[in-house]
1. Going by Cα centres, region 93-148 and region 6-80 are how many Å apart?
2. What distance in nm separates the two pseudo spin-label positions at residue 125 and residue 56, each 7 Å out from Cα along the beta-carbon direction?
3. Sort 8, 149 by Cβ crowding within 10 Å, fewest neighbours at the top.
4. At 222 nm, what helix-only mean residue ellipticity would the chain give, in deg cm²/dmol to the nearest 500, using -39500 (n - 2.57) for each DSSP H run of four or more?
5. Using +1 on the beta carbon of Lys and Arg, -1 on that of Asp and Glu, and nothing else charged, what's the dipole of the chain about the Cα centre, debye to 20?
6. Please arrange 106, 1 by counting, for each residue, the other beta carbons lying within 10 Å of its beta carbon, fewest first.
7. Quick one: of the DSSP bridges fully inside the chain, what percent are antiparallel, nearest 5?
8. Please give, to one decimal in nm, the separation of the simple spin-label points placed at residue 97 and residue 160, each 7 Å out from Cα toward the Cβ.
Amino acid sequence: MKNIVVLVSGGGTNLQALIDAQESGIIKNGKITCVISSKADAYALERAQKHHIKTRVLVRKEYPDTAAYSKAILNAITEEKADLVVYAGFMTILDEQVVKAMPNKMMNVHPALIPSFCGKGYYGLRVHEEALKKGVKLTGATVHFVTEVCDGGPIILQKAVEILDDDTPETLQKRVMEQAEWKILPQAVSLFCEDRLEVRNDRVYIK
Ligand code: GAR
């Protein structure tokens, strides 16, 4: 059974999707053992506590720089004996010391079809604002392994979502979550825990 550590910063609906998937048996051979938040008031913490999952808070603002914060996160995930780390709405960039310690063992969910609308500065509602501004007809979500390049790691799963004429950033965000993120994140986590993901030449193959 693999230990899954989930990193969060906000509402935690993706964490909730993982908890629900775990409880309904969709996640095979893995268990969420700890939720770490970068914010003390993240609602995600309440979601974890309701399901008796251990929580830890490491407030980004209490650390002088990215290196110091990354070291603290790395210590925590090491202490928790994480086999897999999931960024689920985790809004803080970590440096390469964490990535190097957990190669192809950290995944992130991004609310767009990478390589569109991704990279530094593209997070949360902003991603959907930009998609609407550009007028694309399709968007979606991507789950990918985390590397040193922001949103640049090997892609595990993607799912497309149609954009409607009367969408606002908020309605689009909600539909992308419901139709894509909450489905592909638990699927990707389960595939990892079942040892069914193989990375070759920056490409992910599902066994
Ligand atoms: C989600 O849409 C997630 O994909 C996005 O933030 C939201 C968090 O919601 N993450 C990013 O933009 C990371 N680049 P949640 O806290 O309810 O899961």
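1. 18
2. 3.2
3. Details: 8 26, 149 10.
Placing the least packed residue first, the sequence is 149, 8.
4. Working: 7 runs with 69 residues, N = 207.
Taking each H run of at least 4 residues, the total per residue is -9500 deg cm²/dmol.
5. Working: 27 positive and 26 negative charges, 82 e Å.
Computed about the Cα centre, the dipole is about 400 debye.
6. On the way: 106 24, 1 10.
Ordered from fewest to most neighbouring Cβ atoms within 10 Å, 106, 1 come out as 1, 106.
7. Numbers: 15 of 33 bridges.
The answer is about 45 percent antiparallel.
8. Computed distance between label sites residue 97 and residue 160 equals 4.3 nm.
Coordinate-derived values only; no laboratory data. This is a predicted model, so every value here is computed, not measured. Cβ coordinates were reconstructed from backbone atoms using ideal geometry, including for glycine residues, and neighbour counts include every protein chain displayed.
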